[in-house]
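One structure is given here, and the rest of the page talks about it.
The values are calculated or read from the model by the stated rules, or taken from the named source; none is laboratory data. These numbers were taken from a predicted model, which means no experiment stands behind them. Every residue, glycine among them, receives a Cβ derived from its backbone with ideal geometry; neighbour counts consider all protein chains shown.
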Amino acid sequence: MPSKRPNILLIVIDCLRADRAFDPDRTAQTPGMQALAERGTLFTHLITANSMTIPCMTTMFSGMYPAHHGVRAMVGARVSDSIPLLAEILRDNGYHTYAEATGPLSQFYRLDRGFDQYEFRDGVKSPMLGEWGEQLIERFRDGGFESPWFAYLHLWGVHRPRQILPGYDTPEYGRTQYDRAISSYDVRLRELLDAVDLDNTIVLLTGDHGEKIPENSLESQVEFFKKSLTKQNTGKKPTRWIQFRRKSIAAARETWFKTSRLLYRAGVVDSPLATVTGHGYHVYDSLVRVPLVVSGGAVPPGRRIDDQVRQIDIMPTILSLAGLDDHIPDTADGRSLMPFIQGEGLEELPALIETCQNSREPSSFYGVRYDGYKYAYDAADPKVPQELYDLQADPEEKKNLAQAMPQRATQLRRLIETHVEQAQTGAVNMTDELSETEMAGLADHLRKLGYVE
(Lines give C-alpha, C1' and ligand atoms only; values in the text may rest on other atoms or scores of the structure.)
Protein backbone atom coordinates (compact mmCIF):
# COMPACT_ATOMS: atom_id res chain seq x y z
CA MET A 1 0.00 0.00 0.00
CA PRO A 2 1.48 3.38 -0.96
CA SER A 3 2.43 5.75 1.81
CA LYS A 4 -0.11 8.26 0.50
CA ARG A 5 -3.54 7.15 1.58
CA PRO A 6 -5.95 6.46 -1.31
CA ASN A 7 -9.29 8.16 -1.69
CA ILE A 8 -12.14 5.73 -0.94
CA LEU A 9 -15.60 5.77 -2.53
CA LEU A 10 -18.23 3.47 -0.99
CA ILE A 11 -21.30 3.14 -3.23
CA VAL A 12 -24.31 1.36 -1.73
CA ILE A 13 -27.20 0.69 -4.11
CA ASP A 14 -30.23 -0.06 -1.99
CA CYS A 15 -31.76 -3.51 -2.70
CA LEU A 16 -29.01 -4.53 -5.16
CA ARG A 17 -29.02 -8.31 -5.62
CA ALA A 18 -25.82 -10.03 -6.70
CA ASP A 19 -27.53 -12.38 -9.15
CA ARG A 20 -29.38 -9.59 -10.98
CA ALA A 21 -26.26 -7.48 -11.36
CA PHE A 22 -23.48 -10.01 -11.99
CA ASP A 23 -24.71 -13.58 -12.58
CA PRO A 24 -24.36 -14.85 -16.19
CA ASP A 25 -28.13 -15.27 -16.62
CA ARG A 26 -28.96 -11.69 -15.60
CA THR A 27 -31.25 -9.72 -17.90
CA ALA A 28 -30.13 -6.26 -16.72
CA GLN A 29 -27.53 -4.49 -18.85
CA THR A 30 -24.59 -3.75 -16.51
CA PRO A 31 -21.47 -2.93 -18.57
CA GLY A 32 -20.40 -0.26 -16.08
CA MET A 33 -20.50 -2.61 -13.12
CA GLN A 34 -18.78 -5.33 -15.15
CA ALA A 35 -15.96 -2.97 -16.14
CA LEU A 36 -15.49 -1.89 -12.54
CA ALA A 37 -15.33 -5.54 -11.42
CA GLU A 38 -12.82 -6.45 -14.14
CA ARG A 39 -10.56 -3.67 -12.87
CA GLY A 40 -10.51 -5.17 -9.38
CA THR A 41 -12.05 -7.96 -7.28
CA LEU A 42 -15.66 -9.10 -7.48
CA PHE A 43 -17.14 -10.95 -4.50
CA THR A 44 -20.28 -12.65 -5.81
CA HIS A 45 -21.51 -13.98 -2.46
CA LEU A 46 -21.43 -11.29 0.19
CA ILE A 47 -24.09 -12.18 2.79
CA THR A 48 -25.77 -9.35 4.64
CA ALA A 49 -26.34 -9.42 8.38
CA ASN A 50 -30.00 -8.48 8.08
CA SER A 51 -32.62 -7.90 5.42
CA MET A 52 -33.41 -4.23 6.15
CA THR A 53 -31.41 -1.02 5.63
CA ILE A 54 -30.83 0.38 9.12
CA PRO A 55 -29.46 -2.80 10.77
CA CYS A 56 -27.39 -3.51 7.62
CA MET A 57 -25.83 -0.04 7.40
CA THR A 58 -25.09 -0.08 11.14
CA THR A 59 -23.31 -3.39 10.54
CA MET A 60 -21.43 -2.02 7.53
CA PHE A 61 -20.15 0.98 9.51
CA SER A 62 -19.36 -0.93 12.72
CA GLY A 63 -18.25 -4.37 11.50
CA MET A 64 -20.59 -5.85 14.11
CA TYR A 65 -23.54 -8.22 13.88
CA PRO A 66 -26.94 -6.69 14.78
CA ALA A 67 -27.25 -8.84 17.92
CA HIS A 68 -23.96 -7.25 19.00
CA HIS A 69 -24.47 -3.59 18.08
CA GLY A 70 -28.11 -3.71 19.15
CA VAL A 71 -29.78 -2.08 16.14
CA ARG A 72 -32.09 -4.91 15.12
CA ALA A 73 -35.24 -3.06 14.04
CA MET A 74 -36.15 -0.04 11.94
CA VAL A 75 -37.73 1.87 14.83
CA GLY A 76 -36.50 2.82 18.27
CA ALA A 77 -32.83 1.79 18.26
CA ARG A 78 -29.77 3.68 17.09
CA VAL A 79 -26.09 3.00 17.34
CA SER A 80 -24.45 3.72 20.70
CA ASP A 81 -21.80 6.44 20.91
CA SER A 82 -19.48 3.86 22.46
CA ILE A 83 -19.23 1.88 19.19
CA PRO A 84 -16.38 3.01 16.90
CA LEU A 85 -17.68 3.72 13.41
CA LEU A 86 -15.84 3.59 10.10
CA ALA A 87 -16.03 7.29 9.28
CA GLU A 88 -14.80 8.23 12.77
CA ILE A 89 -11.71 6.05 12.44
CA LEU A 90 -10.94 7.36 8.96
CA ARG A 91 -11.42 10.99 10.01
CA ASP A 92 -9.19 10.50 13.06
CA ASN A 93 -6.49 9.26 10.69
CA GLY A 94 -6.45 12.15 8.27
CA TYR A 95 -9.40 11.47 5.96
CA HIS A 96 -11.95 14.07 4.96
CA THR A 97 -15.31 12.32 5.20
CA TYR A 98 -18.44 12.92 3.15
CA ALA A 99 -21.82 11.19 2.98
CA GLU A 100 -24.75 11.44 0.57
CA ALA A 101 -27.47 9.46 2.33
CA THR A 102 -31.11 8.80 1.52
CA GLY A 103 -34.02 6.46 2.27
CA PRO A 104 -34.46 5.88 6.00
CA LEU A 105 -30.86 6.94 6.80
CA SER A 106 -31.67 10.20 8.55
CA GLN A 107 -29.56 11.61 11.37
CA PHE A 108 -31.94 9.99 13.86
CA TYR A 109 -29.81 6.85 13.74
CA ARG A 110 -26.51 8.70 14.35
CA LEU A 111 -24.77 6.94 11.51
CA ASP A 112 -23.62 10.43 10.55
CA ARG A 113 -20.99 10.21 13.30
CA GLY A 114 -17.53 10.76 11.87
CA PHE A 115 -18.65 12.51 8.69
CA ASP A 116 -17.46 16.07 8.13
CA GLN A 117 -20.45 16.47 5.83
CA TYR A 118 -23.54 14.27 6.02
CA GLU A 119 -26.08 15.32 3.41
CA PHE A 120 -29.47 13.64 3.69
CA ARG A 121 -31.82 13.88 0.72
CA ASP A 122 -35.13 12.54 -0.54
CA GLY A 123 -34.01 9.81 -2.94
CA VAL A 124 -37.21 10.10 -5.00
CA LYS A 125 -37.28 13.88 -5.36
CA SER A 126 -33.48 14.10 -5.75
CA PRO A 127 -32.55 10.94 -7.64
CA MET A 128 -29.19 9.93 -9.03
CA LEU A 129 -30.87 9.75 -12.46
CA GLY A 130 -31.89 13.42 -12.29
CA GLU A 131 -30.35 16.84 -11.81
CA TRP A 132 -29.02 15.98 -8.37
CA GLY A 133 -27.01 13.11 -9.83
CA GLU A 134 -25.60 15.35 -12.55
CA GLN A 135 -24.50 17.88 -9.93
CA LEU A 136 -22.86 15.16 -7.85
CA ILE A 137 -20.90 13.90 -10.86
CA GLU A 138 -19.72 17.44 -11.56
CA ARG A 139 -18.61 17.70 -7.96
CA PHE A 140 -16.40 14.65 -8.39
CA ARG A 141 -15.12 15.88 -11.74
CA ASP A 142 -14.26 19.33 -10.36
CA GLY A 143 -12.39 18.00 -7.32
CA GLY A 144 -15.05 18.98 -4.80
CA PHE A 145 -13.66 16.61 -2.17
CA GLU A 146 -10.48 17.35 -0.22
CA SER A 147 -7.94 14.51 -0.41
CA PRO A 148 -7.55 12.04 1.05
CA TRP A 149 -11.29 11.62 1.14
CA PHE A 150 -13.80 8.93 2.08
CA ALA A 151 -17.17 9.36 0.40
CA TYR A 152 -20.23 7.24 1.12
CA LEU A 153 -22.94 7.38 -1.56
CA HIS A 154 -26.30 5.68 -0.94
CA LEU A 155 -28.48 5.31 -4.04
CA TRP A 156 -32.21 4.68 -3.84
CA GLY A 157 -33.65 4.14 -7.34
CA VAL A 158 -33.49 0.32 -7.49
CA HIS A 159 -35.65 0.36 -4.33
CA ARG A 160 -39.38 0.89 -4.78
CA PRO A 161 -40.55 3.10 -6.39
CA ARG A 162 -38.14 1.96 -9.10
CA GLN A 163 -36.47 4.69 -11.15
CA ILE A 164 -35.97 3.91 -14.85
CA LEU A 165 -34.40 6.10 -17.53
CA PRO A 166 -36.55 7.14 -20.50
CA GLY A 167 -36.35 4.41 -23.12
CA TYR A 168 -35.12 1.80 -20.65
CA ASP A 169 -38.51 0.41 -19.60
CA THR A 170 -38.32 -2.33 -22.25
CA PRO A 171 -37.30 -6.02 -22.25
CA GLU A 172 -33.98 -5.06 -23.86
CA TYR A 173 -32.86 -3.65 -20.49
CA GLY A 174 -34.30 -6.32 -18.23
CA ARG A 175 -37.12 -8.77 -17.74
CA THR A 176 -38.62 -6.86 -14.81
CA GLN A 177 -38.77 -3.22 -13.72
CA TYR A 178 -36.26 -4.11 -11.02
CA ASP A 179 -33.77 -5.23 -13.68
CA ARG A 180 -34.49 -2.15 -15.80
CA ALA A 181 -33.81 0.08 -12.81
CA ILE A 182 -30.42 -1.65 -12.40
CA SER A 183 -29.69 -1.03 -16.10
CA SER A 184 -30.61 2.61 -15.65
CA TYR A 185 -28.38 3.06 -12.63
CA ASP A 186 -25.53 1.35 -14.43
CA VAL A 187 -25.61 4.15 -17.01
CA ARG A 188 -25.27 6.83 -14.35
CA LEU A 189 -22.68 4.78 -12.48
CA ARG A 190 -20.48 4.77 -15.60
CA GLU A 191 -20.76 8.56 -15.78
CA LEU A 192 -19.82 8.85 -12.12
CA LEU A 193 -16.79 6.59 -12.42
CA ASP A 194 -15.61 8.52 -15.48
CA ALA A 195 -15.42 11.57 -13.20
CA VAL A 196 -13.32 9.77 -10.56
CA ASP A 197 -9.55 9.33 -10.72
CA LEU A 198 -9.49 5.55 -10.33
CA ASP A 199 -5.70 5.48 -10.17
CA ASN A 200 -5.88 7.26 -6.80
CA THR A 201 -9.32 6.11 -5.65
CA ILE A 202 -10.52 2.74 -4.39
CA VAL A 203 -14.17 2.15 -5.23
CA LEU A 204 -16.36 -0.31 -3.32
CA LEU A 205 -19.76 -1.15 -4.79
CA THR A 206 -22.30 -3.18 -2.83
CA GLY A 207 -25.92 -3.43 -1.74
CA ASP A 208 -27.27 -3.03 1.78
CA HIS A 209 -29.58 -6.05 1.25
CA GLY A 210 -31.48 -7.73 -1.58
CA GLU A 211 -35.07 -7.73 -2.76
CA LYS A 212 -37.81 -10.27 -3.50
CA ILE A 213 -39.25 -9.06 -6.80
CA PRO A 214 -42.47 -10.06 -8.56
CA GLU A 215 -41.97 -13.23 -10.62
CA ASN A 216 -45.58 -13.91 -11.63
CA SER A 217 -48.89 -12.09 -12.13
CA LEU A 218 -50.09 -12.61 -8.55
CA GLU A 219 -46.85 -11.24 -7.11
CA SER A 220 -47.15 -8.28 -9.49
CA GLN A 221 -50.57 -7.53 -7.99
CA VAL A 222 -49.05 -7.62 -4.50
CA GLU A 223 -46.38 -5.18 -5.69
CA PHE A 224 -49.11 -2.89 -7.08
CA PHE A 225 -50.82 -2.68 -3.69
CA LYS A 226 -47.51 -1.99 -1.98
CA LYS A 227 -46.91 1.03 -4.21
CA SER A 228 -49.77 2.85 -2.54
CA LEU A 229 -47.80 2.69 0.71
CA THR A 230 -44.71 4.30 -0.82
CA LYS A 231 -46.33 7.26 -2.56
CA GLN A 232 -44.83 10.48 -1.35
CA ASN A 233 -46.79 12.34 1.27
CA THR A 234 -47.70 15.94 0.50
CA GLY A 235 -46.60 16.98 3.98
CA LYS A 236 -50.20 17.48 5.09
CA LYS A 237 -51.83 15.44 7.81
CA PRO A 238 -53.26 12.29 6.21
CA THR A 239 -57.04 12.18 5.92
CA ARG A 240 -59.08 9.54 7.70
CA TRP A 241 -59.57 7.80 4.35
CA ILE A 242 -55.80 7.62 3.74
CA GLN A 243 -55.23 6.34 7.27
CA PHE A 244 -57.98 3.74 6.82
CA ARG A 245 -56.55 2.65 3.45
CA ARG A 246 -53.04 2.26 4.90
CA LYS A 247 -54.27 0.17 7.80
CA SER A 248 -56.46 -1.95 5.53
CA ILE A 249 -53.64 -2.71 3.11
CA ALA A 250 -51.26 -3.44 5.98
CA ALA A 251 -53.80 -5.79 7.57
CA ALA A 252 -54.42 -7.53 4.25
CA ARG A 253 -50.70 -7.93 3.68
CA GLU A 254 -50.21 -9.43 7.14
CA THR A 255 -53.17 -11.78 6.64
CA TRP A 256 -51.76 -12.99 3.35
CA PHE A 257 -48.34 -13.48 4.91
CA LYS A 258 -49.88 -15.76 7.55
CA THR A 259 -52.02 -17.52 4.94
CA SER A 260 -48.96 -18.12 2.78
CA ARG A 261 -47.23 -19.88 5.66
CA LEU A 262 -50.29 -22.08 6.24
CA LEU A 263 -50.38 -23.00 2.54
CA TYR A 264 -46.68 -23.86 2.73
CA ARG A 265 -47.20 -26.10 5.76
CA ALA A 266 -50.03 -27.83 3.89
CA GLY A 267 -47.79 -28.40 0.87
CA VAL A 268 -49.90 -26.22 -1.44
CA VAL A 269 -47.06 -23.82 -2.30
CA ASP A 270 -43.31 -24.49 -2.40
CA SER A 271 -42.30 -21.42 -0.40
CA PRO A 272 -43.48 -19.99 2.92
CA LEU A 273 -43.26 -16.57 1.27
CA ALA A 274 -45.30 -17.25 -1.84
CA THR A 275 -46.34 -13.92 -3.41
CA VAL A 276 -44.52 -11.90 -0.72
CA THR A 277 -42.38 -9.20 -2.35
CA GLY A 278 -40.00 -6.59 -0.97
CA HIS A 279 -37.49 -7.31 1.82
CA GLY A 280 -37.16 -7.75 5.55
CA TYR A 281 -39.22 -10.92 5.94
CA HIS A 282 -36.82 -13.81 5.48
CA VAL A 283 -33.18 -14.83 4.91
CA TYR A 284 -33.41 -16.25 1.39
CA ASP A 285 -30.47 -15.44 -0.88
CA SER A 286 -32.66 -13.09 -2.92
CA LEU A 287 -32.84 -10.96 0.24
CA VAL A 288 -29.34 -11.32 1.68
CA ARG A 289 -26.92 -12.14 -1.15
CA VAL A 290 -25.41 -8.93 -2.55
CA PRO A 291 -22.28 -8.18 -4.57
CA LEU A 292 -19.12 -6.50 -3.37
CA VAL A 293 -16.72 -4.97 -5.88
CA VAL A 294 -13.37 -3.61 -4.70
CA SER A 295 -11.60 -1.79 -7.52
CA GLY A 296 -9.18 1.00 -8.38
CA GLY A 297 -6.00 2.25 -6.77
CA ALA A 298 -3.49 -0.51 -6.15
CA VAL A 299 -6.13 -3.30 -6.15
CA PRO A 300 -5.03 -6.04 -8.60
CA PRO A 301 -7.44 -6.50 -11.52
CA GLY A 302 -9.40 -9.48 -12.75
CA ARG A 303 -10.29 -11.47 -9.63
CA ARG A 304 -13.68 -13.09 -9.07
CA ILE A 305 -14.29 -14.63 -5.65
CA ASP A 306 -17.25 -16.97 -5.32
CA ASP A 307 -16.38 -17.89 -1.72
CA GLN A 308 -18.87 -16.72 0.88
CA VAL A 309 -17.93 -13.49 2.68
CA ARG A 310 -19.95 -11.37 5.08
CA GLN A 311 -21.21 -7.83 5.48
CA ILE A 312 -19.37 -7.57 8.79
CA ASP A 313 -16.13 -7.86 6.78
CA ILE A 314 -16.61 -4.60 4.86
CA MET A 315 -15.50 -2.21 7.61
CA PRO A 316 -12.23 -4.08 8.40
CA THR A 317 -11.53 -4.37 4.65
CA ILE A 318 -11.90 -0.63 4.07
CA LEU A 319 -9.56 0.11 6.97
CA SER A 320 -7.02 -2.33 5.49
CA LEU A 321 -7.31 -0.64 2.10
CA ALA A 322 -6.57 2.67 3.85
CA GLY A 323 -3.47 1.17 5.48
CA LEU A 324 -5.12 1.21 8.89
CA ASP A 325 -5.10 -2.47 9.86
CA ASP A 326 -3.90 -1.54 13.34
CA HIS A 327 -7.04 0.57 13.80
CA ILE A 328 -9.59 -2.18 13.20
CA PRO A 329 -11.53 -2.02 16.49
CA ASP A 330 -11.74 -4.96 18.86
CA THR A 331 -15.53 -4.59 18.74
CA ALA A 332 -15.65 -5.67 15.08
CA ASP A 333 -16.97 -9.18 14.42
CA GLY A 334 -15.66 -9.19 10.86
CA ARG A 335 -12.23 -9.59 9.29
CA SER A 336 -10.37 -7.97 6.42
CA LEU A 337 -10.84 -9.54 3.00
CA MET A 338 -7.41 -8.38 1.80
CA PRO A 339 -6.07 -11.97 1.52
CA PHE A 340 -8.70 -12.61 -1.17
CA ILE A 341 -7.91 -9.33 -2.91
CA GLN A 342 -4.19 -10.19 -2.88
CA GLY A 343 -4.78 -13.60 -4.45
CA GLU A 344 -4.72 -15.69 -1.31
CA GLY A 345 -7.60 -17.29 0.56
CA LEU A 346 -9.46 -17.37 3.85
CA GLU A 347 -11.22 -20.10 5.77
CA GLU A 348 -14.99 -19.98 5.35
CA LEU A 349 -16.85 -18.76 8.42
CA PRO A 350 -20.60 -18.95 9.11
CA ALA A 351 -22.66 -15.98 7.94
CA LEU A 352 -25.32 -15.25 10.56
CA ILE A 353 -28.46 -13.45 9.41
CA GLU A 354 -31.46 -11.81 11.08
CA THR A 355 -34.70 -10.49 9.69
CA CYS A 356 -36.15 -7.17 10.76
CA GLN A 357 -39.41 -5.75 12.06
CA ASN A 358 -40.99 -2.36 11.48
CA SER A 359 -41.40 -2.03 15.23
CA ARG A 360 -39.23 -1.51 18.28
CA GLU A 361 -38.92 -5.23 18.87
CA PRO A 362 -36.29 -7.28 17.01
CA SER A 363 -37.41 -10.22 14.95
CA SER A 364 -37.06 -13.76 16.24
CA PHE A 365 -36.43 -15.19 12.76
CA TYR A 366 -32.79 -16.17 12.16
CA GLY A 367 -30.69 -17.86 9.53
CA VAL A 368 -27.16 -19.09 8.95
CA ARG A 369 -25.35 -19.76 5.68
CA TYR A 370 -22.42 -22.14 6.04
CA ASP A 371 -20.67 -25.08 4.40
CA GLY A 372 -22.96 -25.04 1.38
CA TYR A 373 -26.22 -24.99 3.37
CA LYS A 374 -28.76 -22.41 4.51
CA TYR A 375 -30.79 -22.96 7.68
CA ALA A 376 -33.56 -20.72 9.03
CA TYR A 377 -36.03 -20.89 11.90
CA ASP A 378 -38.21 -18.77 14.16
CA ALA A 379 -36.85 -18.91 17.71
CA ALA A 380 -40.11 -17.63 19.19
CA ASP A 381 -42.62 -19.72 17.26
CA PRO A 382 -42.05 -23.49 16.99
CA LYS A 383 -45.09 -23.73 14.69
CA VAL A 384 -43.16 -21.98 11.92
CA PRO A 385 -41.44 -24.73 9.90
CA GLN A 386 -37.66 -24.75 10.08
CA GLU A 387 -35.96 -24.63 6.69
CA LEU A 388 -32.77 -26.22 5.37
CA TYR A 389 -31.45 -25.90 1.82
CA ASP A 390 -28.54 -27.45 -0.06
CA LEU A 391 -27.36 -24.31 -1.86
CA GLN A 392 -25.25 -26.14 -4.42
CA ALA A 393 -27.97 -28.52 -5.54
CA ASP A 394 -30.83 -26.10 -4.91
CA PRO A 395 -29.60 -22.47 -5.26
CA GLU A 396 -33.15 -21.14 -5.51
CA GLU A 397 -33.97 -22.66 -2.09
CA LYS A 398 -37.09 -24.54 -3.13
CA LYS A 399 -36.55 -27.99 -1.57
CA ASN A 400 -36.69 -27.88 2.22
CA LEU A 401 -34.46 -30.65 3.64
CA ALA A 402 -35.03 -29.94 7.34
CA GLN A 403 -36.96 -33.16 7.95
CA ALA A 404 -34.75 -35.23 5.67
CA MET A 405 -31.49 -34.00 7.27
CA PRO A 406 -32.30 -33.39 10.97
CA GLN A 407 -28.69 -33.75 12.10
CA ARG A 408 -27.49 -31.01 9.73
CA ALA A 409 -30.41 -28.81 10.76
CA THR A 410 -29.58 -29.24 14.44
CA GLN A 411 -25.92 -28.48 13.83
CA LEU A 412 -26.67 -25.20 12.05
CA ARG A 413 -29.33 -24.22 14.56
CA ARG A 414 -26.76 -24.53 17.34
CA LEU A 415 -24.52 -22.10 15.46
CA ILE A 416 -27.31 -19.53 15.51
CA GLU A 417 -28.19 -20.12 19.16
CA THR A 418 -24.56 -19.81 20.22
CA HIS A 419 -24.10 -16.67 18.14
CA VAL A 420 -27.18 -14.95 19.56
CA GLU A 421 -26.29 -15.88 23.12
CA GLN A 422 -22.70 -14.69 22.83
CA ALA A 423 -23.55 -11.54 20.89
CA GLN A 424 -26.26 -10.48 23.29
CA THR A 425 -24.01 -11.17 26.25
CA GLY A 426 -21.41 -8.79 24.83
CA ALA A 427 -23.89 -6.39 23.26
CA VAL A 428 -23.58 -2.66 23.72
CA ASN A 429 -25.93 -1.31 26.36
CA MET A 430 -28.56 0.61 24.42
CA THR A 431 -29.25 3.25 27.07
CA ASP A 432 -29.74 6.14 24.66
CA GLU A 433 -33.45 5.86 23.91
CA LEU A 434 -35.14 8.12 21.39
CA SER A 435 -37.29 10.85 22.89
CA GLU A 436 -41.01 10.87 22.15
CA THR A 437 -40.50 13.82 19.80
CA GLU A 438 -37.73 11.99 17.95
CA MET A 439 -39.82 8.83 17.76
CA ALA A 440 -42.73 10.78 16.27
CA GLY A 441 -40.47 12.38 13.67
CA LEU A 442 -38.82 9.08 12.82
CA ALA A 443 -42.15 7.27 12.52
CA ASP A 444 -43.44 9.98 10.17
CA HIS A 445 -40.32 9.68 8.00
CA LEU A 446 -40.54 5.87 7.81
CA ARG A 447 -44.27 6.07 7.12
CA LYS A 448 -43.63 8.21 4.04
CA LEU A 449 -41.24 5.54 2.78
CA GLY A 450 -43.80 2.78 3.38
CA TYR A 451 -41.92 1.06 6.22
CA VAL A 452 -44.53 1.61 8.94
CA GLU A 453 -48.25 2.26 8.93
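Of note:
- Single match in ASP325, ASP330, ASP313, ASP270 (criterion: under 26 Å from ALA21 (Cβ atoms) and either small (Gly, Ala, Ser) or at pLDDT 65 or above (or both)): ASP313
- Residue check for GLU88: without any contact (Cβ under 8 Å) to a residue 60 or more places away in the chain and of a type in the set (D, E, K, R): yes
- Matching residues in segment 37-84 - criterion: being part of a strand (DSSP E or B) and within 16 Å of TYR366 (Cβ to Cβ): ILE47
Each row is one residue, and each column tells you yes or no for (1) touching a Pro at 6+ places or on another chain (Cβ under 8 Å); (2) assigned to a helix (DSSP H, G or I); (3) touching a residue at least 12 places away in the same chain (Cβ under 8 Å).
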| site | (1), (2), (3) |
| --- | --- |
| PHE145 | no, no, yes |
| ARG160 | no, no, yes |
| GLN163 | yes, no, yes |
| PRO166 | no, no, no |
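- Residue, surrounded by the most Cβ atoms within 10 Å (Cβ to Cβ), within segment 109-130, restricted to residues that are out of contact with any strand residue (DSSP E or B) (no Cβ under 9 Å at 6 or more places or on another chain) and over 23 Å from LEU192 (Cα atoms): TYR109
- Of the candidates GLU134, GLU138, GLU146, the single residue that is in contact with a strand residue (DSSP E or B) (Cβ under 7 Å, 6 or more places away or on another chain), surrounded by fewer than 14 Cβ atoms within 10 Å (Cβ to Cβ), within 23 Å of HIS96 (Cα to Cα) and modelled with pLDDT of 95 or more is GLU146.
- For segment 8-27, taking the residues that are surrounded by fewer than 24 Cβ atoms within 10 Å (Cβ to Cβ) and more than 15 Å from the chain's Cα centre (by Cα), the one that is farthest from ARG335 (Cα to Cα) is identified as THR27.
- Selection count where residues are of a type outside the set (Ser, Thr, Tyr), out of contact with any Lys or Arg (no Cβ under 9 Å at 6 or more places or on another chain) and farther than 13 Å from LEU155 by Cβ, scope segment 176-190: 1
- Pick from segment 394-423, criterion in a loop (DSSP other than H, G, I, E, B) and basic (Lys, Arg), ranking: surrounded by the fewest Cβ atoms within 10 Å (Cβ to Cβ): LYS398
- Residue in segment 156-165 that is touching a helix residue (DSSP H, G or I) at 6+ places or on another chain (Cβ under 7 Å) and closer than 23 Å to PHE61 by Cβ present: yes
- Within segment 391-419, residues that are touching a residue at least 40 places away in the same chain (Cβ under 8 Å) sit with their Cβ atoms under 7 Å from residues that are among the charged types (D, E, K, R), at 6+ positions apart or across chains, in these pairs: LEU391/LYS374; GLU397/ASP285; GLU397/LYS374; LYS398/ASP270.
- When segment 327-348 is limited to residues that are in contact with a helix residue (DSSP H, G or I) (Cβ under 9 Å, 6 or more places away or on another chain) and over 21 Å from LEU9 (Cβ atoms), the one that is surrounded by the fewest Cβ atoms within 10 Å (Cβ to Cβ) turns out to be GLU344.
- Of the helices (runs of 4 or more DSSP H) entirely within segment 280-372, those holding at least 2 residues that are in contact (Cβ under 8 Å) with a residue 24 or more places away in the chain and farther than 23 Å from HIS69 by Cβ occupy 285-288, 338-341.
- Search result, residues across segment 127-143 that are of a type in the set (D, E, K, R) and either touching a residue at least 24 places away in the same chain (Cβ under 8 Å) or part of a helix (DSSP H, G or I) (or both): GLU131, GLU134, GLU138, ARG139, ARG141
- Being surrounded by fewer than 23 Cβ atoms within 10 Å (Cβ to Cβ), at pLDDT 95 or above and assigned to a loop (DSSP other than H, G, I, E, B) is a condition met by at least one residue of segment 89-105.
- Condition met for ALA376 (at pLDDT 95 or above, buried (at least 21 other Cβ atoms within 10 Å of the Cβ) and in contact with a Lys or Arg (Cβ under 8 Å, 6 or more places away or on another chain)): no
- Tallying residues that are within 14 Å of the chain's Cα centre (by Cα) and either free of Cβ contacts under 8 Å to residues at least 40 places away in the same chain or within 13 Å of THR201 (Cβ to Cβ) (or both) within segment 147-156 yields 1.
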